[in-house]
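Everything below concerns the one structure shown next.
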Amino acid sequence: MRKTIKDIRSMKSAGQKITMLTAYDASMARLFSSCGVDILLVGDSLGMVMLGYDSTVPVTMEEMLHHASAVRRGAPDAFVLGDMPFGSYQSGVRDAILNGLRFLKEAGCDAVKLEGGLEMCEVVKGMVAAGIPVMGHIGLTPQTASQLGGFKVQGKDMEAAKRLMDEALALEQAGAFGLLIECIPAGLAEVISASLAIPTVGIGAGAHCDGQVLVSHDLLGLFEKFQPKFVKQYANLSPLIKEGVQRFNSEVRGGVYPAEEHGFASEGDYRQLLKR
Ligand code: KIV
C-alpha cells in the first residue's frame, strides 16, 4: 500500500529506518517498489545518469515530468518524490507553487524536494500552504555546487555546522515534512537528526540519519564516470550488460540468433510470392 507523509514521519518516532532510491523509469520503479523501498525519488540526477548532461543544472521541468510520470505508471503503490529542477523554484513562491503543482497533478507525485536553506524558507512555506508536501535538501546541494566550492563535504567547521543546524530548524519550521542531508560530517548529521521532529534522509551523512538514499545507478554499478566516497555498490551490472550485448552482437553476426525456437511457423510456401 502506498505510504503517506504521516507514515513516513511516524517511521522516525518508531525508530524504523527509511529507505529511498532514485528511480527514473517505469521498469526500475516497478522493481524497486516490489522490493519494498519506502520512497522513490525521481532525482534531477537523471540529468547526469540518464540524459548525459555534465551536471543537474540544465534539467528542465518537462524532462522531470516525463520521467516522474513513467515512475508513477511503473509503481502505482509507491511514495514518489519529484525533484524540483534548477530554475523551477528559485524565481519566487508563485513559480515554485505552479511547478510543484505540476509534479502532483501531471506526474502523480506524492511530494516534491527542493534544494536550499534559509533563502528557501518562504518558498517552502508558500508551497506547503498551497497543499504541496515539500522535503528540504541541505548540505551539498548539487544545483549550486559551484557556489559551495565544488562537490565537497559541507559544514566541517563550527560556523558552517551552526549554519546548517539553523537551516534545518528553519526548514522544519517552514513546514517541510522531511529533510535530505547530503555530504556533511556524520556527527553533525546525528545532532541535526536528533534536533528535528521531521525525518532526515542522508547521503554521505553517516549512519545516524533517519533514513538513507542512494542514486540507484551508483548502487547497481551502472554509472561508470565516477563514484563518490559514500557510495556502496551493492551490485555491478555494467559488466553483465556488456557481456550480454557482446554475445548478442556475436550471435547475430554468426547466424546463431535467432534460432528456430525464436521464430513463428510458416503456414504455406511463401517462396511463391517471390518477385525475382
Ligand atoms: O537528484 C538526486 O538524485 C538527489 C540525490 C542527492 C539523491 O537529490
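Summary table
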{"item": "Filter pass, residue 33 being farther than 16 Å from residue 111 by Cα and not basic (Lys, Arg)", "result": "yes"}
{"item": "Condition check for residue 111: farther than 17 Å from residue 59 by Cβ, modelled with pLDDT of 95 or more and away from the ligand (no atom under 13 Å from the Cβ)", "result": "yes"}
{"item": "Selection within the stretch 188-202 - buried (at least 22 other Cβ atoms within 10 Å of the Cβ) and closer than 19 Å to residue 83 by Cα", "result": "199, 200, 201, 202"}
{"item": "Test for residue 87: is it over 16 Å from the mean Cα position of the chain (by Cα), assigned to a helix (DSSP H, G or I) and either over 23 Å from residue 24 (Cα atoms) or not aliphatic (A, V, I, L, M) (or both)", "result": "no"}
{"item": "Subset of the stretch 52-65 [of a type outside the set (Asp, Glu) and within 14 Å of the chain's Cα centre (by Cα)]", "result": "56, 59, 64, 65"}
{"item": "Subset tally (residues that are closer than 30 Å to residue 54 by Cβ and of a type in the set (Ser, Thr, Tyr)) for the stretch 222-276", "result": "2"}
{"item": "Tally, over the stretch 62-77, of residues that are within 16 Å of the ligand (Cβ to nearest atom) and within 22 Å of residue 178 (Cα to Cα)", "result": "4"}
{"item": "Subset of the stretch 117-153 (residues that are in contact with a helix residue (DSSP H, G or I) (Cβ under 8 Å, 6 or more places away or on another chain), within 13 Å of the ligand (Cβ to nearest atom) and of a type in the set (Gly, Ala, Ser))", "result": "136, 139"}
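The values are calculated or read from the model by the stated rules, or taken from the named source; none is laboratory data. All values reported here derive from a predicted model rather than from experimental measurement. Positions of Cβ are generated from backbone atoms using ideal geometry, with glycine treated the same way; all protein chains shown enter the neighbour counts.
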